[in-house]
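Read through the structure below, which is laid out as structure tokens, and then see the notes.
Just so it is clear, none of the values below were taken in a lab; they were calculated from the coordinates. Just so it is clear, the model here is predicted, and its values are computed rather than measured. Reconstructed Cβ throughout: ideal geometry from the backbone, glycine too, with neighbour counts over all protein chains shown.
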Amino acid sequence: MAANVPKVTISNGSQTMPLPVIGLGTATQPQVAETTKSAVLDAIGIGYRHFDTAFIYGSEQPLGEAIAEAIKTGLIKSRDELFITSKLWCTFASPELVLPAIKTSLKNLQLDYLDLFLVHWPLKISGEVKRLPIPKETIFPIDIKAVWEVMEECQNLGLTKAIGVSNFSTRRLDELLSFAKIPPSVNQVEMNPLWQQKDLREFCKAKGIHITAYSPLGSKGAKWGDSESLEYKVLEEIAKAKGKTAAQVSLRWVYEQGVSFVPKSFNKDRLKQNLDIFDWSLTEEELNKISKLPQRRGILPSTMMEPSDLVREIEAEI
Ligand code: A2P
């Protein structure tokens with residue numbers, strides 16, 4: 001029996017859309033197409049209906065194959081039952097490259113439309129760089145006004161139902177809101193108990209921008225079960241007292257903040273575990289303990305492990 005996943009409502013500027021709060025993240029290194037495809041099929045089988053991909057992840061094709069197979073085998077009746085997000089990679093962050101980029105993503109996914117298309121980073125990368133780490137000399141400021149106009153065109157043409165951004169700071173969002181005809185529906189950023197994004201969340205709430213949390217488990221920073229650090233001990237103590245796992249406590253905390261979230265797991269047990277967070281809650285005391293956890297500093301996600309001068313360079317842009 002597929003799990004019942006709560007939905008939040010997002011707006012695309014002219015109409016509202018339901019978004020299942022939990023989605024499956026598909027960023028992983030290395031990307032093995034068969035593994036990704038089979039994890040997506042497992043996920044659909046147990047009730048996931050929201051999938052997060054990006055050109056740069058290399059997961060659009062296996063996700064598309066899984067969707068086609070899920071329809072063919074009757075796991076779902078039609079593509080409309082799913083919410084699919086993809087992202088404009090920084091090498092395509094020029095106005096003339098946005099339409100070809102969304103068309104490439106749609107082709108990779110074997111779809112006619114996306115539910116949500118995000119500007120992946122407020123950065124432009126020149127040339128052929130499509131992999132991390134990004135060479136410093138290839139990073140340029142993005143002409144977000146020109147790029148956003150074509151993002152709006154993507155929505156107006158029906159290539160995507162909604163548009164948004166990812167990794168945008170309040171400063172970048174303010175700039176975007178000053179000229180956007182269609183405001184961003186979503187800002188997807190890293191968010192977890194160790195990076196709670198309090199200021200950004202407050203800003204987005206005031207502006208009607210929904211937040212989706214990526215790396216809600218702290219991604220590569222996560223060392224569930226074997227960490228000596230205080231942060232993880234707090235989560236593990238709460239988990240033990242509730243008969244849950246630290247990962248579930250982390251996801252439940254993210255959920256209680258009113259955001260949606262896209263944990264990556266390609267393991268069937270953990271896929272199920274991550275869905276099993278909707279019929280219990282954290283107490284006031286537990287929420288307080290989590291809100292006092294020491295916070296990461298900076299803007300870059302824990303998944304990007306570049307040398308520190310490059311980190312400063314990227315942070316200056318975003
Ligand atoms: P796996 O795919 O083997 O389950 P994030 O979504 O924050 O980026 O974290 C992803 C990482 O967390 C992956 O390494 C994933 O590994 C692992 N993970 C996902 N769900 C759980 C869970 N419930 N318990 C422990 N680790 C998890």
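Over the chain, DSSP H runs of length four or greater, each weighted -39,500 (n - 2.57), average out per residue to a 222 nm ellipticity of -12000 deg cm²/dmol. With contacts taken as Cα pairs under 8 Å at a separation of at least 6 residues, the range 79-214 carries a relative contact order of 22 percent.
Note on the range 1-132: antiparallel DSSP beta bridges, both residues inside, total approximately 35 percent of the bridges counted.
Counting other Cβ atoms within 10 Å as a rough exposure proxy, the listed residues Phe203, Phe92 run Phe203, Phe92 from fewest neighbours to most. Neighbour counting of Cβ atoms within 10 Å sorts the residues Met151, Met17, fewest neighbours leading, into Met17, Met151. Pairs with C-alpha atoms separated by more than 28 Å, drawn from the list Lys77/Lys161; Lys161/Lys205; Lys240/Lys292; Lys87/Lys242; Lys244/Lys289, are Lys87/Lys242.
Rounded to the nearest 20, the size of the Cβ-charge dipole of the range 65-132 about its Cα centre is 180 debye, with Lys and Arg at +1 and Asp and Glu at -1. The packing ranking, built from the mean of other Cβ atoms within 10 Å per residue, places the peptides 265-272, 72-79, 105-112 in the order 105-112, 265-272, 72-79, highest first.
For the range 34-94, a simple Cβ point-charge model (Lys and Arg +1, Asp and Glu -1, everything else neutral) yields a dipole of about 120 debye relative to the Cα centre. For the pair Arg171 and Ile46, the difference between a 0.36 nm per residue extended length and the Cα-Cα distance amounts to 41.1 nm.
For the chain, with the dipole built from +1 on Lys and Arg beta-carbon atoms and -1 on Asp and Glu ones, taken about the Cα centre, which of Ala93, Val21, Cys154 lies farthest toward the positive end? Result: Val21, furthest along the dipole toward the positive end.
Give the lysines whose C-alpha is closer than 19 Å to that of Lys207, dropping any in the same chain fewer than 8 places away, or say none. By straight Cα distance, Lys207 reaches Lys145, Lys181, Lys198. Within the chain, antiparallel bridges make up roughly 25 percent of the DSSP beta bridges whose residues both belong there.
When Phe140, Phe117 are arranged by Cβ crowding within 10 Å, least crowded first, meaning fewest neighbours, the order is Phe140, Phe117.
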